[in-house]
Amino acid sequence: MKLETFLRMTKTPYMNDHSGQMSKKGKTPWIEFNDIQVADSQFCIDFIKKKRGMDLNTALSVEQRSIARAFLKLIEENFYWTMCIELFCNKENIPLLKRSAPLKGPGFWLYYWFVRRAIQSATWGHGIGRHSVEEVWCIAQSDIEALSNFLGDKKYFMGDDPSEIDCSLFGMLTFLLVSMQGTRYEAFTKEHHPNLVSYFQRMKVTYWPDWDTLTTSSDKFTNDHGKLYFTENIPE
(Lines give C-alpha, C1' and ligand atoms only; values in the text may rest on other atoms or scores of the structure.)
Protein backbone atom coordinates (compact mmCIF):
# COMPACT_ATOMS: atom_id res chain seq x y z
CA MET A 1 0.00 0.00 0.00
CA LYS A 2 2.83 2.40 0.83
CA LEU A 3 4.68 1.81 -2.43
CA GLU A 4 1.64 1.76 -4.69
CA THR A 5 0.22 4.89 -3.08
CA PHE A 6 3.54 6.60 -3.77
CA LEU A 7 3.33 5.52 -7.42
CA ARG A 8 -0.16 6.96 -7.64
CA MET A 9 0.78 10.19 -5.87
CA THR A 10 3.67 10.77 -8.27
CA LYS A 11 1.72 9.66 -11.35
CA THR A 12 4.28 6.97 -12.08
CA PRO A 13 2.90 4.33 -14.53
CA TYR A 14 3.36 0.84 -13.13
CA MET A 15 2.34 -2.76 -13.61
CA ASN A 16 1.40 -5.04 -10.71
CA ASP A 17 2.45 -8.67 -10.50
CA HIS A 18 0.50 -10.62 -7.88
CA SER A 19 2.29 -13.92 -8.51
CA GLY A 20 3.78 -13.86 -5.00
CA GLN A 21 7.36 -14.17 -6.19
CA MET A 22 9.85 -12.75 -3.69
CA SER A 23 12.85 -10.59 -4.51
CA LYS A 24 16.41 -11.88 -4.32
CA LYS A 25 16.47 -10.54 -0.76
CA GLY A 26 13.43 -12.64 0.08
CA LYS A 27 11.37 -9.47 0.59
CA THR A 28 8.19 -8.04 -0.83
CA PRO A 29 7.19 -5.60 -2.20
CA TRP A 30 9.91 -5.13 -4.76
CA ILE A 31 10.19 -3.55 -8.18
CA GLU A 32 11.92 -4.31 -11.42
CA PHE A 33 13.00 -1.42 -13.64
CA ASN A 34 14.93 -2.15 -16.84
CA ASP A 35 16.06 -5.50 -15.40
CA ILE A 36 17.17 -3.81 -12.14
CA GLN A 37 15.59 -5.29 -9.02
CA VAL A 38 15.04 -3.13 -5.94
CA ALA A 39 13.61 -4.65 -2.76
CA ASP A 40 11.98 -2.98 0.29
CA SER A 41 9.31 -0.33 -0.19
CA GLN A 42 11.48 2.56 1.01
CA PHE A 43 14.42 1.60 -1.20
CA CYS A 44 11.96 1.32 -4.10
CA ILE A 45 10.65 4.81 -3.40
CA ASP A 46 14.17 6.25 -3.12
CA PHE A 47 15.12 4.56 -6.40
CA ILE A 48 12.10 5.98 -8.23
CA LYS A 49 12.69 9.45 -6.79
CA LYS A 50 16.25 9.43 -8.10
CA LYS A 51 15.31 8.05 -11.52
CA ARG A 52 12.47 10.51 -12.05
CA GLY A 53 14.06 13.49 -10.30
CA MET A 54 11.14 14.03 -7.90
CA ASP A 55 10.63 14.58 -4.20
CA LEU A 56 7.29 14.73 -2.40
CA ASN A 57 8.99 16.44 0.54
CA THR A 58 10.16 19.58 -1.25
CA ALA A 59 7.62 21.75 0.61
CA LEU A 60 8.87 20.58 4.01
CA SER A 61 11.42 22.46 6.06
CA VAL A 62 14.49 20.71 7.45
CA GLU A 63 12.75 20.47 10.81
CA GLN A 64 9.58 19.04 9.25
CA ARG A 65 11.60 16.44 7.35
CA SER A 66 13.16 15.35 10.63
CA ILE A 67 9.74 15.07 12.28
CA ALA A 68 8.41 13.09 9.31
CA ARG A 69 11.40 10.74 9.51
CA ALA A 70 10.78 10.14 13.22
CA PHE A 71 7.10 9.38 12.66
CA LEU A 72 7.98 7.11 9.74
CA LYS A 73 10.03 4.97 12.10
CA LEU A 74 7.28 4.99 14.72
CA ILE A 75 4.84 3.75 12.08
CA GLU A 76 7.03 1.13 10.41
CA GLU A 77 9.36 -0.06 13.16
CA ASN A 78 7.01 0.01 16.13
CA PHE A 79 3.31 0.43 15.38
CA TYR A 80 3.37 -2.11 12.54
CA TRP A 81 4.70 -4.82 14.83
CA THR A 82 2.06 -4.13 17.47
CA MET A 83 -0.63 -4.89 14.89
CA CYS A 84 1.12 -8.07 13.74
CA ILE A 85 1.34 -9.29 17.33
CA GLU A 86 -2.30 -8.46 18.01
CA LEU A 87 -3.55 -10.17 14.87
CA PHE A 88 -1.51 -13.37 15.06
CA CYS A 89 -0.56 -13.76 18.72
CA ASN A 90 -3.86 -12.83 20.37
CA LYS A 91 -5.99 -15.98 20.14
CA GLU A 92 -9.16 -13.88 20.34
CA ASN A 93 -8.55 -12.86 16.72
CA ILE A 94 -8.43 -16.40 15.29
CA PRO A 95 -12.07 -16.16 14.04
CA LEU A 96 -11.14 -12.99 12.15
CA LEU A 97 -8.11 -14.65 10.60
CA LYS A 98 -10.17 -17.66 9.55
CA ARG A 99 -12.42 -15.39 7.48
CA SER A 100 -9.57 -13.66 5.67
CA ALA A 101 -6.84 -16.32 5.51
CA PRO A 102 -5.74 -17.57 2.06
CA LEU A 103 -6.12 -21.19 3.26
CA LYS A 104 -9.34 -22.67 4.60
CA GLY A 105 -10.14 -25.79 6.61
CA PRO A 106 -7.17 -27.77 7.96
CA GLY A 107 -4.84 -25.68 5.81
CA PHE A 108 -5.67 -22.62 7.92
CA TRP A 109 -3.89 -24.03 10.96
CA LEU A 110 -0.72 -24.65 8.98
CA TYR A 111 -0.89 -21.07 7.66
CA TYR A 112 -1.61 -19.71 11.15
CA TRP A 113 1.24 -21.68 12.77
CA PHE A 114 3.73 -20.62 10.10
CA VAL A 115 2.90 -16.90 10.16
CA ARG A 116 2.59 -16.77 13.97
CA ARG A 117 5.96 -18.42 14.38
CA ALA A 118 7.58 -16.03 11.88
CA ILE A 119 6.13 -12.99 13.68
CA GLN A 120 7.17 -14.27 17.09
CA SER A 121 10.71 -14.83 15.84
CA ALA A 122 10.96 -11.42 14.17
CA THR A 123 9.48 -9.49 17.10
CA TRP A 124 11.59 -11.36 19.67
CA GLY A 125 14.71 -10.15 17.89
CA HIS A 126 13.19 -6.67 17.57
CA GLY A 127 12.46 -6.63 21.29
CA ILE A 128 8.76 -5.75 21.26
CA GLY A 129 7.84 -9.43 21.06
CA ARG A 130 9.31 -10.00 24.52
CA HIS A 131 6.33 -8.16 25.99
CA SER A 132 2.91 -9.68 26.61
CA VAL A 133 0.06 -9.07 24.17
CA GLU A 134 -1.53 -6.70 26.70
CA GLU A 135 1.70 -4.74 27.17
CA VAL A 136 2.01 -4.42 23.40
CA TRP A 137 -1.58 -3.17 23.29
CA CYS A 138 -0.60 -0.35 25.67
CA ILE A 139 2.28 0.57 23.35
CA ALA A 140 -0.09 0.59 20.37
CA GLN A 141 -2.55 2.93 22.06
CA SER A 142 0.26 5.42 22.71
CA ASP A 143 1.36 5.18 19.06
CA ILE A 144 -2.19 5.75 17.77
CA GLU A 145 -2.61 8.71 20.11
CA ALA A 146 0.67 10.26 18.98
CA LEU A 147 -0.30 9.94 15.31
CA SER A 148 -3.75 11.38 15.95
CA ASN A 149 -2.47 14.29 18.02
CA PHE A 150 0.09 15.31 15.43
CA LEU A 151 -2.36 14.97 12.53
CA GLY A 152 -4.94 17.11 14.30
CA ASP A 153 -7.27 18.68 11.76
CA LYS A 154 -4.68 18.91 8.97
CA LYS A 155 -5.62 17.60 5.54
CA TYR A 156 -2.39 15.63 5.24
CA PHE A 157 -0.03 14.47 7.95
CA MET A 158 2.47 17.30 7.50
CA GLY A 159 0.08 20.04 6.39
CA ASP A 160 -2.00 21.13 3.41
CA ASP A 161 0.06 19.23 0.84
CA PRO A 162 0.76 15.48 0.61
CA SER A 163 4.26 14.27 1.43
CA GLU A 164 6.05 10.96 1.45
CA ILE A 165 4.99 9.96 4.95
CA ASP A 166 1.33 9.99 3.88
CA CYS A 167 2.06 6.88 1.80
CA SER A 168 3.28 4.97 4.84
CA LEU A 169 0.58 6.21 7.22
CA PHE A 170 -2.18 5.40 4.75
CA GLY A 171 -0.75 1.91 4.29
CA MET A 172 -0.70 1.24 8.02
CA LEU A 173 -4.19 2.66 8.53
CA THR A 174 -5.39 0.33 5.79
CA PHE A 175 -3.99 -2.53 7.85
CA LEU A 176 -5.67 -1.16 10.99
CA LEU A 177 -9.08 -0.18 9.61
CA VAL A 178 -9.53 -2.83 6.90
CA SER A 179 -7.49 -5.93 7.73
CA MET A 180 -8.16 -5.60 11.47
CA GLN A 181 -11.89 -4.92 11.33
CA GLY A 182 -13.55 -6.28 14.45
CA THR A 183 -10.49 -5.92 16.69
CA ARG A 184 -9.99 -3.60 19.65
CA TYR A 185 -7.43 -1.69 17.58
CA GLU A 186 -10.09 -0.66 15.09
CA ALA A 187 -12.65 0.06 17.81
CA PHE A 188 -10.22 2.20 19.84
CA THR A 189 -9.22 4.25 16.80
CA LYS A 190 -12.79 4.88 15.66
CA GLU A 191 -13.99 5.79 19.15
CA HIS A 192 -11.12 7.94 20.38
CA HIS A 193 -9.28 9.13 17.26
CA PRO A 194 -11.82 9.67 14.46
CA ASN A 195 -9.51 12.13 12.70
CA LEU A 196 -7.36 9.16 11.64
CA VAL A 197 -10.45 7.50 10.15
CA SER A 198 -11.38 10.69 8.27
CA TYR A 199 -7.81 10.99 7.01
CA PHE A 200 -7.89 7.38 5.76
CA GLN A 201 -11.13 8.05 3.89
CA ARG A 202 -9.72 11.22 2.28
CA MET A 203 -6.62 9.41 1.11
CA LYS A 204 -8.66 6.52 -0.25
CA VAL A 205 -11.03 8.75 -2.22
CA THR A 206 -8.19 10.87 -3.60
CA TYR A 207 -5.63 8.26 -4.58
CA TRP A 208 -7.65 5.03 -4.82
CA PRO A 209 -10.81 5.88 -6.81
CA ASP A 210 -10.83 2.23 -7.97
CA TRP A 211 -10.65 0.90 -4.40
CA ASP A 212 -13.89 -1.09 -4.47
CA THR A 213 -13.05 -2.81 -7.74
CA LEU A 214 -9.57 -3.79 -6.56
CA THR A 215 -10.46 -4.97 -3.06
CA THR A 216 -13.81 -6.70 -3.45
CA SER A 217 -14.10 -10.34 -4.46
CA SER A 218 -16.83 -10.25 -7.08
CA ASP A 219 -17.46 -10.85 -10.76
CA LYS A 220 -15.90 -7.45 -11.43
CA PHE A 221 -12.60 -8.31 -9.75
CA THR A 222 -9.71 -9.04 -12.05
CA ASN A 223 -6.04 -9.58 -11.34
CA ASP A 224 -4.21 -6.72 -13.02
CA HIS A 225 -1.04 -8.69 -13.75
CA GLY A 226 0.16 -7.59 -17.18
CA LYS A 227 -1.95 -4.42 -17.20
CA LEU A 228 -0.16 -1.09 -17.15
CA TYR A 229 -1.77 1.31 -14.69
CA PHE A 230 -1.77 4.94 -15.76
CA THR A 231 -2.69 7.60 -13.24
CA GLU A 232 -4.69 10.14 -15.23
CA ASN A 233 -7.56 9.83 -12.75
CA ILE A 234 -5.39 10.86 -9.80
CA PRO A 235 -5.53 14.61 -8.99
CA GLU A 236 -2.50 16.87 -9.02
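Residue under question is S198, and the condition is that it be in contact with a Lys or Arg (Cβ under 7 Å, 6 or more places away or on another chain), of a type in the set (G, A, S) and in the same structural domain as V133 (by TED's automatic domain parsing); does it hold? When the stated conditions are applied, S198 does not pass them. You will find that of K154, K204, the residue that is outside any helix (DSSP H, G or I) and free of Cβ contacts under 8 Å to residues at least 60 places away in the same chain is K154 and no other. Checking each residue in the stretch 61-100 for being modelled with pLDDT under 95 and either touching a Lys or Arg at 6+ places or on another chain (Cβ under 6 Å) or among the small types (G, A, S) (or both) picks out F88, S100. Checking each residue in the stretch 121-131 for being outside any helix (DSSP H, G or I) and surrounded by 11 or more Cβ atoms within 10 Å (Cβ to Cβ) picks out only H131.
Output yes when any residue across the stretch 198-209 is more than 18 Å from the chain's Cα centre (by Cα), surrounded by fewer than 17 Cβ atoms within 10 Å (Cβ to Cβ) and under 27 Å from I45 (Cα atoms), and no when none is. Don't jump to the end; show me each part of the working.
Step one: list which residues in the stretch 198-209 are more than 18 Å from the chain's Cα centre (by Cα), which gives none.
Looking for residues that are more than 18 Å from the chain's Cα centre (by Cα), surrounded by fewer than 17 Cβ atoms within 10 Å (Cβ to Cβ) and under 27 Å from I45 (Cα atoms), one finds none in the stretch 198-209, hence no.
Can you confirm whether the stretch 22-29 contains a residue that is touching a strand residue (DSSP E or B) at 6+ places or on another chain (Cβ under 9 Å) and closer than 20 Å to I165 by Cα? Yes, there is a match, as at least one residue in the stretch 22-29 is touching a strand residue (DSSP E or B) at 6+ places or on another chain (Cβ under 9 Å) and closer than 20 Å to I165 by Cα. Suppose the filter is in a helix (DSSP H, G or I), in the same structural domain as L151 (by TED's automatic domain parsing) and in contact with a helix residue (DSSP H, G or I) (Cβ under 7 Å, 6 or more places away or on another chain); does L96 pass it? The answer is no for L96. One residue alone among A140, A146, A187, A118 is in a helix (DSSP H, G or I) and at pLDDT below 95, and that residue is A118.
Within the stretch 45-57, residues that are free of Cβ contacts under 8 Å to residues at least 40 places away in the same chain have Cβ atoms under 6 Å from residues that are among the hydrophobic types (A, V, I, L, M, F, W, C) in these pairs: F47/V38, counting only partners at least 6 apart in sequence or on another chain. Within the stretch 33-90, being surrounded by 13 or more Cβ atoms within 10 Å (Cβ to Cβ), closer than 19 Å to L147 by Cα and within 15 Å of the chain's Cα centre (by Cα) holds for F71, L72, L74, I75, E76, N78, F79, Y80, W81, T82, M83, C84.
The values are calculated or read from the model by the stated rules, or taken from the named source; none is laboratory data. As the structure is a computational prediction, the values presented were derived from the model and not from experiment. Every residue, glycine as well, gets a Cβ built from its backbone with ideal geometry; the counts of neighbours run over all protein chains shown.
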